[in-house]
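Right, one structure below, let's go through it.
Any read-out appearing in this document is the output of simple, stated calculations on the displayed coordinates, not a laboratory observation. Please read all numbers here as calculations on a predicted model, not as lab measurements. Neighbour counts are summed over all protein chains in view; Cβ atoms, including those assigned to glycine, are modelled from backbone coordinates with ideal geometry.
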Amino acid sequence: MLLPCLDLLDAETAHEAALRFLSVCQSVPPVLGLLKACYGRHAFVHPELNTRVADLDFPNPIGLAAGWDKNARVPLALSSLGFGFLELGTVTCWPESGHPKPRIFRSHRDQWIINRVGFANDGADSVRGRLQKLPHLGGPILGLSLGKMLFSPPERLMPEAVRMMELFYPYAAFFSVNVSSPNTPRGFLMGRPDFLREMLGALKRSSRDIGLRLGRVGKPLFVKISPTLNKGEIETLAEVLRDSGVDGVIATNTMATPQGGLSGLPLKAAALKTTARLYASLKGEVPVIGVGGILTPEDAWQRITAGASLIQMFSGFVFSGPSLIRRISRMLSSQLAQHGFKNIREAVGIHAERYA
């Protein structure tokens, strides 16, 4: 009911209106329960979609990509819609205002979104304050996307990410590092494999050390990559990922254009191919999280059979709303039954060669 009204607004105003609506829902327990009854319960009735990735148990493999709830304003409301996990952020050490407006554009007809927001966010301390107020047991699986400050050199990502890991360790189930943002200067580290290997390995060790110091199990570390890597670059990246000990790779980020980061339908083919090639190169040693152009239930099944252990949505959620989560859950369950599979893990990568 809300989507047609939001379509009348410019993209960033519509996004803010959706966040405010969900914030109201989150603050009123009966309304939150109604959201769960209308949407969430349909996404959690398929035990065959339960899966385990990076030592985390997911109620279903359908997640929300980073960028939608940058500041952890509505994680409980989003979880009530049926997402199996949420990736919040990208968060930076201190507040960032991002690039000047207008900076988000969309086409419902052609199903694309262009954003040049940058890492606009309230800063790590503010986001941590919101997470502190959430229930600590039985809540959604939350990941935090960590980024460097806009004009920091690449070398600053390491110390800034470690500071944020320490702040968010009690609240995040996993961390992700965004090394491929098309909207930030020096945002591309994919051409520096040795530096990337060293940085990711150091971040993984830092995560483990922080956990030991706090008496907790080390948190998984994921890395988000570009959709424009060729086959040779993907093979090199696979070696880096194995050597550094990261726990997952998010494929992919938005595609760089002169206007900003492009997502939605135009990203689908590149993200699908990257997922399949990564799966083939990694040989199951590092799980792939597929994102980019997942707009229909068929897209979700295709991405999983290409090699994604988990999937994430952004544009699909914007254009279709929460009903898409329910439809994907039903589609995945139906496909598993048709193929004689008992769990979604059995479907991962069965068509990787076809899409690579």
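Data for the structure
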quantity: Cut-off 19 Å (backbone N to label point 7 Å along Cα→Cβ of Phe151), residues of the range 92-117; calculated: 92-101, 117
quantity: Leading residue at positive end of dipole, the chain (Cβ point charges), from Met199, Leu131, Ala172; calculated: Leu131
quantity: Extreme residue, positive dipole direction of the range 2-355, given options Thr236, Cys38, Gly293 (C-beta unit charges); calculated: Cys38
quantity: Approximate spin-label separation Arg52-Trp94, in nm, with each point projected 7 Å along Cα-to-Cβ; calculated: 4.4 nm
quantity: Fluctuation leader among Asp243, Asp110, Asp209 - the chain, Gaussian network, Cα springs under 10 angstrom; calculated: Asp110
quantity: Footprinting exposure proxy for Arg303, Arg205 (fewest neighbouring C-beta atoms within 10 Å first); calculated: Arg205, Arg303
quantity: All-pairs Cα distance distribution in the chain, expressed in whole percent, bin size 20 Å; calculated: 32, 63, 5
quantity: Karplus (6.51, -1.76, 1.60) ³J(HN,Hα), θ = phi - 60°, over the range 213-228, in Hz, Gly and Pro reported as x; calculated: 5, 8, x, 10, 6, x, 8, x, 10, 10, 10, 9, 10, 7, x, 10
quantity: Choice from Pro322, Pro75, Pro258 with maximal GNM fluctuation in the chain (Cα, 10 Å cutoff); calculated: Pro258
quantity: Ascending count of other beta-carbon atoms within 10 Å, so fewest first, for His15, His99, His108; calculated: His108, His99, His15
quantity: Extension gain, Glu166 back to Asp243 (0.36 nm per residue minus Cα-Cα distance, nm); calculated: 25.3 nm
quantity: Pair Leu214, Arg20: separation of 7 Å Cα→Cβ label points (nm); calculated: 3.4 nm
quantity: Gaussian network model of the chain, Cα within-10 Å springs - most flexible of Gly63, Gly143, Gly245; calculated: Gly245
